[in-house]
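The values are calculated or read from the model by the stated rules, or taken from the named source; none is laboratory data. Keep in mind that what you see is a predicted model, and the values were worked out from it rather than measured. Heads up, the Cβs are rebuilt from the backbone with ideal geometry, glycines too, and the neighbour counts pull from every protein chain shown. Note: accessible area is taken over every heavy atom of the protein model, side chains too, but ligands, DNA and RNA are not part of it. Shrake-Rupley method; radii C 1.70, N 1.55, O 1.52, S 1.80 Å.
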Amino acid sequence: MRIHPKTAVLLAATVLAGAAGTTAAQAAPAAAPAPSACRPANHLAKITRAPGSAGHRHYRVTLKAPRGYAPCRLAGSPADVRFSAHGSTLALSAGRYGDQRATAVLGPGHPVHFDIQVPDTRRGTAADGASFTLRAPDGEIPGTSFADGRLTVAPGTLVGPVRRGA
């Protein structure tokens, strides 16, 4: 069987174009999902003084997630809140107040915060940090988060629910 040279060129071009089209049409590999911003290593937390109320000092703990992390939903007040001074844990824990079903989304460009409410007594203890376990709508998020900042704590200290905004 003899193939005309023009037909051979046309046939070869068709085969090559089809192979190139197949290669180009293949899907790119799926990117791995971004890690959750709610994991302790994936967000930053800072404690700052907030306006007081009758009989209480208030401090705001703001959590921010850098770019590259997936948004996540937090709920209620953090659990297992502990305060520290110069690296030593203080013998004082905090209770909770507010709506424990309230939720907020933490993610890049979406900071959240919670309130630390301290009775305004003369016997407060200076602290320079806090550790806590964040909660999601379906339970606690594994691991311990840390926030730095100066504050004074006292017996009766309460922690409010996580809310959106800085």
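A few comments on the model shown:
Residue by residue, here is whether (1) among the small types (Gly, Ala, Ser); (2) at pLDDT below 95 holds:
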site	(1), (2)
124	yes, yes
131	yes, no
139	yes, yes
144	no, no
147	yes, no
150	no, no
155	no, yes
160	yes, no
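- Check on residue 49, farther than 19 Å from residue 153 by Cβ, basic (Lys, Arg) and either over 14 Å from the mean Cα position of the chain (by Cα) or open to solvent by 30 Å² or more (accessible area, probe 1.4 Å) (or both): no
- Test for residue 105: is it under 16 Å from residue 39 (Cβ atoms) and at pLDDT 95 or above: yes
- For the range 78-98, the candidate set comprises residues that are open to solvent by 40 Å² or more (accessible area, probe 1.4 Å) and polar (S, T, N, Q); within that set, the residue that is modelled with the lowest pLDDT is 93.
- Condition check for residue 138: open to solvent by 50 Å² or more (accessible area, probe 1.4 Å), out of contact with any Ser or Thr (no Cβ under 9 Å at 6 or more places or on another chain) and touching a residue at least 12 places away in the same chain (Cβ under 8 Å): no
- Single condition residue 142 does not satisfy, out of (1) under 14 Å from residue 72 (Cα atoms); (2) in a strand (DSSP E or B); (3) not small (Gly, Ala, Ser): (2)
- Count of the range 144-159 residues, restricted to those that are crowded, with 17+ Cβ neighbours inside 10 Å and either within 18 Å of residue 64 (Cβ to Cβ) or without any contact (Cβ under 8 Å) to a residue 60 or more places away in the chain (or both), is 3.
- First in the range 53-73 and closer than 19 Å to residue 146 by Cα, second anywhere and outside any loop (DSSP other than H, G, I, E, B) and hydroxyl-bearing (Ser, Thr, Tyr), Cβ under 8 Å, 6 or more apart: 59/48; 60/48; 62/48; 63/145; 69/36; 72/36; 73/103
- Conditions (1) within 18 Å of the chain's Cα centre (by Cα); (2) open to solvent by 50 Å² or more (accessible area, probe 1.4 Å); number of the one not met by residue 126: (1)
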